[in-house]
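Chemist: Below you'll find the structure I mean.
The values are calculated or read from the model by the stated rules, or taken from the named source; none is laboratory data. Computed from a predicted model, the values in this text were never measured in an experiment. So basically every Cβ, Gly included, is an ideal-geometry build from the backbone, and we count neighbours across all protein chains shown.
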Amino acid sequence: MALDDEDEVRDDEDEGGGWLTTWADMMSVLLTFFIVLQAFSTISEKKFYEAMSSIQRAFTVPLPIRSPGDAHWQARDRSAEDMVRKIADQDVAGVSVKDYGDRIVVTVDSGFLFPLGRAELTGEGIGLMDTVAGLLENTEGTVRIEGHTCDLRPGAGSEYRNNWWLSTARALTVLEALERRGLPSERLSASGYGEFDPVAPNDREENRAKNRRVQFVVEKKPSRSD
């Protein structure tokens with residue numbers, strides 16, 4: 001009989017201690033939850049947008065982005081659709097538009113703008129500047145003009161010592177052309193990437209022609225949610 005009583009006491013102790021395990025598990029989950037909340041509360045909004053932009057560039061897919069705050073990017077922009085329609089209506093060669101959600105990129109083949117190895121606009125290039133200015137004037141946000149070349153270096157006697165100089169000179173030429181067509185100077189910036197941001201391997205002329213390009217990157221401004 002005494003043994004039975006002892007067994008019952010031991011069983012009661014085992015059953016009574018089971019809640020400690022559940023309580024400890026719950027405390028661990030709550031601790032993890034609050035650590036995650038603290039991490040999100042201190043994230044830099046600028047870093048958040050930079051990370052999301054990198055993901056978009058890697059996958060070339062527009063993503064609806066919402067930051068930890070109340071600012072968000074519109075996933076699509078009507079102006080990009082208008083650009084595509086205008087290009088199709090005007091039958092403009094050498095110009096393409098992509099909407100990445102946080103930015104619109106207008107790409108123009110350099111062969112339509114400049115003679116090979118030079119940074120002066122051709123007659124056709126001057127006409128294309130009218131078209132590009134018309135596409136950009138109805139957008140909002142800054143416009144970064146990027147000059148790109150293929151891997152072929154400027155020829156002997158060229159005024160440009162390398163492709164850094166050539167690509168930057170082309171970007172500046174285009175920037176000034178847009179200024180003359182009424183785009184606000186404070187919206188514009190220029191940069192040259194030389195041959196170091198190709199979109200195709202520099203293994204044949206067809207691909208080199210793709211790499212010789214000028215891009216207009218319209219960075220959309222974040223809008224405030226209601």
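A quick yes/no check of all residues on (1) in a loop (DSSP other than H, G, I, E, B); (2) surrounded by 14 or more Cβ atoms within 10 Å (Cβ to Cβ); (3) at pLDDT below 95:
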| site | (1), (2), (3) |
| --- | --- |
| 85 | no, no, yes |
| 98 | no, yes, yes |
| 114 | yes, yes, no |
| 120 | yes, no, no |
| 156 | yes, no, yes |
| 194 | yes, yes, no |
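Chemist: To continue, here is another question. Determine which member of the set 131, 142 is among the hydroxyl-bearing types (Ser, Thr, Tyr) and under 19 Å from residue 84 (Cα atoms). Give the derivation first.
Modeler: Values: 142 fails: under 19 Å from residue 84 (Cα atoms).
Of the residues listed, the single one that is among the hydroxyl-bearing types (Ser, Thr, Tyr) and under 19 Å from residue 84 (Cα atoms) is 131.
Chemist: Moving to a separate point now. Which condition number does residue 79 fail, the rest of (1) hydroxyl-bearing (Ser, Thr, Tyr); (2) under 22 Å from residue 193 (Cβ atoms); (3) touching a Ser or Thr at 6+ places or on another chain (Cβ under 7 Å) being met?
Modeler: The number of the failed condition is (2).
Chemist: I've got another one for you. In the stretch 194-215, how many residues are among the basic types (Lys, Arg) and either outside the structural domain of residue 142 (by TED's automatic domain parsing) or touching a helix residue (DSSP H, G or I) at 6+ places or on another chain (Cβ under 9 Å) (or both)?
Modeler: Residues of the stretch 194-215 among the basic types (Lys, Arg): 204, 208, 210, 212-213.
From what is left, the residues that are either outside the structural domain of residue 142 (by TED's automatic domain parsing) or touching a helix residue (DSSP H, G or I) at 6+ places or on another chain (Cβ under 9 Å) (or both) are 212-213.
Within the stretch 194-215, residues that are among the basic types (Lys, Arg) and either outside the structural domain of residue 142 (by TED's automatic domain parsing) or touching a helix residue (DSSP H, G or I) at 6+ places or on another chain (Cβ under 9 Å) (or both) number 2.
Chemist: With the requirement that a residue be farther than 18 Å from residue 189 by Cβ, modelled with pLDDT of 95 or more and surrounded by fewer than 17 Cβ atoms within 10 Å (Cβ to Cβ), what does the stretch 160-176 give you?
Modeler: 162
Chemist: Then there's this: Give the residues of the stretch 179-192 that are in a helix (DSSP H, G or I) and in contact with a Ser or Thr (Cβ under 9 Å, 6 or more places away or on another chain), sorted by residue number.
Modeler: Of the stretch 179-192, the ones in a helix (DSSP H, G or I) are 179-180, 185-187.
Those that are in a helix (DSSP H, G or I) and in contact with a Ser or Thr (Cβ under 9 Å, 6 or more places away or on another chain): 179, 186, 187.
Chemist: Looking at the structure I just gave you, is residue 106 part of a helix (DSSP H, G or I) and either crowded, with 17+ Cβ neighbours inside 10 Å or in contact (Cβ under 8 Å) with a residue 12 or more places away in the chain (or both)? Spell out the reasoning first.
Modeler: On the way: part of a helix (DSSP H, G or I): no; either crowded, with 17+ Cβ neighbours inside 10 Å or in contact (Cβ under 8 Å) with a residue 12 or more places away in the chain (or both): yes.
No, not satisfied.
Chemist: So is residue 92 part of a loop (DSSP other than H, G, I, E, B), farther than 21 Å from residue 142 by Cβ and at pLDDT below 75 or not?
Modeler: It is false that residue 92 is part of a loop (DSSP other than H, G, I, E, B), farther than 21 Å from residue 142 by Cβ and at pLDDT below 75.
Chemist: Hey, does the stretch 144-151 have a residue that's part of a loop (DSSP other than H, G, I, E, B) and at pLDDT below 95? Give the derivation first.
Modeler: First pass over the stretch 144-151, keeping only residues part of a loop (DSSP other than H, G, I, E, B): 149-151.
When the remaining residues are screened for being at pLDDT below 95, the result is none.
No.
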